[in-house]
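Shown next, in structure tokens, is the structure this report addresses.
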Amino acid sequence: MARSGPDAGADTPTLRARRRLRQALREFAAVPLLVISLFLALAIGSILIDQSHAGSLKGMRHGLEHFVGQQAATNTLQAIATGLVTVTSITFSVLLLAVQQTASTLSPVVFDQFMRRRSNQAFFGFFLGLTLYAYVVLVAVQSDTPPVLGAALATLLTAGALACLLALVYSTVSQMRPENVLRQIHDRAMAGRSREAEIICRTRRTERSVHPVSASYRAKTTGYVVGIDLSRLTDALRQIPSAEIQLWVPLGHPVAFGDRIATVRDDDPEDARRLADEVRAAVLIGPEPDVGSEAGTGIAEIGNIAWTSASTAKQNPEIARRALHVLRDLVGRLIDEAPPGSGDVPLAIVYPDTDLDQALDVLYAILGAAHESQQHMTAAAVLDTYRDLLERTSGPVQRRLRSDLAEARRLAGEMPPAPILRTRRRWLREFGSTADEPTTSASRLPPRQTAKELPKH
């Protein structure tokens with residue numbers, strides 16, 4: 001996990017600049033800079049070979065002159081350099097317009113996805129690196145040693161760039177399809193959940209300490225919880241075994257100045273304050289949520305797409321139902337997660353695992369949006385999702401679903417008459433009258449017709 005350091009509570013301009021630089025390198029700039037560096041090294045190598053007077057290298061240049069003439073070499077480099085600048089600027093502008101259009105329709109997260117894809121980064125680096133290669137070789141041209149090798153390599157790489165251009169255009173169009181946008185969010189949310197599982201499996205959900213709260217840590221900056229150094233907290237608790245740390249905000253949660261981040265229970269106030277300082281150093285607060293480290297941000301993005309599509313803001317029920325399908329897959333995976341293993345004794349750290357509750361909140365919000373826009377088909381799909389979840393849950397999760405459905409009866413009753421809703425309304429009425437028989441009430445609803453399931457991970 002990420003480590004913040006002893007000055008994590010201070011948000012100075014220097015720290016913000018460092019975080020932005022690290023974030024830019026991690027999310028986008030590293031791959032293009034690597035590709036550009038390779039092209040720069042290739043340019044230097046071709047210049048050295050073209051200007052070398054070694055006999056073997058002269059023979060190679062003489063052989064290339066049958067394909068690239070001495071007089072045409074410089075003109076070729078000039079044409080490639082200027083042409084690449086024009087084509088690259090126009091193509092990237094058009095592609096960014098397409099990304100912007102999709103982002104305005106779905107969610108601003110589309111921009112983030114487009115910039116984070118390694119293939120897109122490699123394409124950007126290839127075009128910029130090839131342009132830099134042509135200019136560097138052109139600058140180093142000498143009258144007695146024409147850049148024959150440099151022009152030949154530039155011509156071959158330009159042919160490859162044209163093929164990459166077609167691949168980039170098709171890839172961008174494919175990435176902008178709603179199914180791919182939602183699937184990308186889904187996959188990143190599941191990857192983040194897997195990384196967060198280490199914290200969840202090694203921590204508690206409820207407090208056990210009988211000691212009073214002797215110290216607390218409140219945020220000194222505004223941002224999001226992007227990392228928790230669990231190893232550092234483990235070492236600190238070994239020195240104070242009687243203490244218990246309660247974290248009040250999970251990964252990805254927004255915090256503002258003064259928000260309570262953690263409290264420490266212990267019978268010694270001095271030890272508790274020292275442990276609170278360790279928590280301050282172990283909890284990293286960044287300017288933006290790190291989608292790859294937790295699932296909550298991905299769930300919120302899916303909910304945002306589903307809600308805006310289902311409401312009168314967008315009036316796009318098809319995208320809303322696709323987002324609901326992805327959300328149902330996430331909820332099902334969260335419900336079916338294996339409980340933490342009993343081999344490791346959980347640390348004396350209370351960590352709030354709110355992903356499932358957040359996903360169920362989003363599910364109910366979609367029903368509210370469908371009620372607001374009178375989209376009866378979206379409402380029916382939400383009720384079908386509730387039916388499926390009721391059949392596979394028990395305990396607190398099923399009680400939560402029953403509570404939500406008790407509120408949903410009024411919303412469903414205010415929807416316009418529709419055959420697809422008739423059986424759902426009847427099921428809701430029977431569900432309310434037979435609350436102690438979830439299997440019987442759920443089975444009265446006819447099987448629904450949905451798209452194919454997402455592949456299991």
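How would 126, 257, 28 rank on accessible area, largest to smallest, probe 1.4 Å?
257, 28, 126
Compute the signed sum of charges (Lys and Arg +1, Asp and Glu -1) over the other residues within less than 13 Å, Cβ to Cβ, of residue 207.
Net charge around residue 207: +2.
Could you give the distance between the Cα centres of region 149-173 and region 344-385, to the whole Å?
46 Å
Under 5 Å between amide hydrogens, which residues at least 5 positions from residue 215 or on another chain qualify, with H placed 1.01 Å from N in the peptide plane?
Amide H to amide H, under 5 Å and 5 or more residues apart or across chains, residue 215 pairs with 264.
Can you list the residues, at least 5 places off or on another chain, whose amide H is less than 5 Å from the amide H of residue 207, using H built in the peptide plane?
Placed amide hydrogens put nothing under 5 Å from residue 207.
In Å, the Kirkwood hydrodynamic radius of region 88-216 over pairs of distinct alpha carbons?
19.0 Å
Could you compute how much accessible surface residue 376 exposes when probed at 1.4 Å, giving the result in Å² to the nearest 10?
Approximately 60 Å² of residue 376 is accessible to the 1.4 Å probe.
Using mean Cβ contacts within 10 Å as the protection proxy, how do 145-153, 378-386, 160-168 order, highest first?
Highest-to-lowest ranking by the protection proxy: 378-386, 145-153, 160-168.
Taking R0 as 22 Å, what's the FRET efficiency between residue 91 and residue 25 from their Cβ-Cβ distance, rounded to 0.05?
After rounding, the FRET efficiency stands at 0.35.
So if I place +1 on the C-beta of Lys and Arg and -1 on the C-beta of Asp and Glu, and nothing else carries charge, what would the dipole magnitude of region 197-356 be about its Cα centre? I want it in debye, nearest 20.
420 debye
Could you go through region 413-423 in sequence order and give the Karplus-derived ³J(HN,Hα) for each residue, using 6.51 cos²θ - 1.76 cosθ + 1.60 with θ = phi - 60°, rounded to whole Hz, and x for Gly and Pro?
In residue order, the calculated couplings are x, 8, 6, x, x, 7, x, 5, 8, 4, 5 Hz.
For 394, 216, give the ranking by accessible area with the largest first, probe 1.4 Å.
From most exposed to least exposed: 394, 216.
Counting only the heavy atoms of the protein chains, how much of residue 391 is accessible to a 1.4 Å probe, in Å² to the nearest 10?
110 Å²
Please provide three numbers in whole Å: the alpha-carbon extents of region 251-352 along the principal axes, with the largest listed first.
58, 38, 21
Sort out for me the Cα centre separation of region 181-215 from region 126-140, rounded to whole Å.
Using only Cα atoms to place each centre, the spacing works out to 48 Å.
Assuming R0 = 60 Å, what is the FRET efficiency of residue 14 and residue 422, from their Cβ-Cβ distance, to the nearest 0.05?
0.40
The values are calculated or read from the model by the stated rules, or taken from the named source; none is laboratory data. Keep in mind it's a predicted model, so treat the numbers as computed, not measured. So basically every Cβ, Gly included, is an ideal-geometry build from the backbone, and we count neighbours across all protein chains shown. For accessibility, only protein heavy atoms count, side chains too; no ligands or nucleic acids. Shrake-Rupley method; radii C 1.70, N 1.55, O 1.52, S 1.80 Å.
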